[in-house]
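What follows is a short report on a single structure.
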Amino acid sequence: MKALIECAARHLVDHPDRVRISEVVGKTTQVFEVRCDPRDAGRLIGKNGRTVAALRTLVNSVASNGGKKAVVEVVK
């Protein structure tokens, strides 16, 4: 899942080399923190948060197949 988030995030931003994903794994939940250039945070979040909401939906769908929950957070 980390590769999926990284691929999507790198295609959305202007500075793909500055995208970093960190993962915190719990028993039933995985938290993915997406760090990017501060100028690209708006592009990653999208208008009214729609882009990051779509990414969260996609990641949560993949995680639910394995019986887990996934959370994607954009960290500036």
**Q.** Percent of beta bridges antiparallel (DSSP, the chain, rounded to nearest 5)
**A.** 45 percent
Q. Using modelled backbone amide H atoms (1.01 Å from N, in-plane), which distant-in-sequence or interchain residues come within less than 5 Å of Val72's amide H?
A. Phe32
Q) Within a Cβ distance under 13 Å of Leu44, other residues only, what is the Lys/Arg minus Asp/Glu net charge? A) +4
Q: Please identify, among Val24, Val52, Val13, the residue showing maximal mean-square fluctuation in a Gaussian network model of the chain using a 10 angstrom Cα cutoff.
A: Val24
Q. When the accessible area of the chain is split by element with a 1.4 Å probe, what percent falls to carbon and sulfur?
A. 52 percent
Q. When the helix-only estimate is applied to the chain (DSSP H runs of n ≥ 4, each -39,500 (n - 2.57), divided by the residue count), what is the mean residue ellipticity at 222 nm, nearest 500 deg cm²/dmol?
A. -12500 deg cm²/dmol
(Q) Rolling a 1.4 Å sphere over the protein heavy atoms, what is the accessible area per residue of the chain, to the nearest Å²? (A) 63 Å²
(Q) Cut-off under 18 Å on the C-alpha distance; same-chain residues fewer than 8 positions from Lys69 excluded. Which lysines are left, in chain and number order? (A) Lys2, Lys27
(Q) Assuming 0.36 nm per residue, please report the length gained on full extension of the stretch Thr28 to Lys68 beyond their Cα-Cα distance. (A) 13.9 nm
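The values are calculated or read from the model by the stated rules, or taken from the named source; none is laboratory data. Since the model is a prediction, treat every value here as computed from it, not as a measurement. All Cβ positions, even for glycine, are placed from backbone atoms using ideal geometry, and neighbour counts span all protein chains on display. Just so you know, the surface numbers come from the protein's heavy atoms only, side chains and all, with ligands and any DNA or RNA stripped out. Shrake-Rupley method; radii C 1.70, N 1.55, O 1.52, S 1.80 Å.
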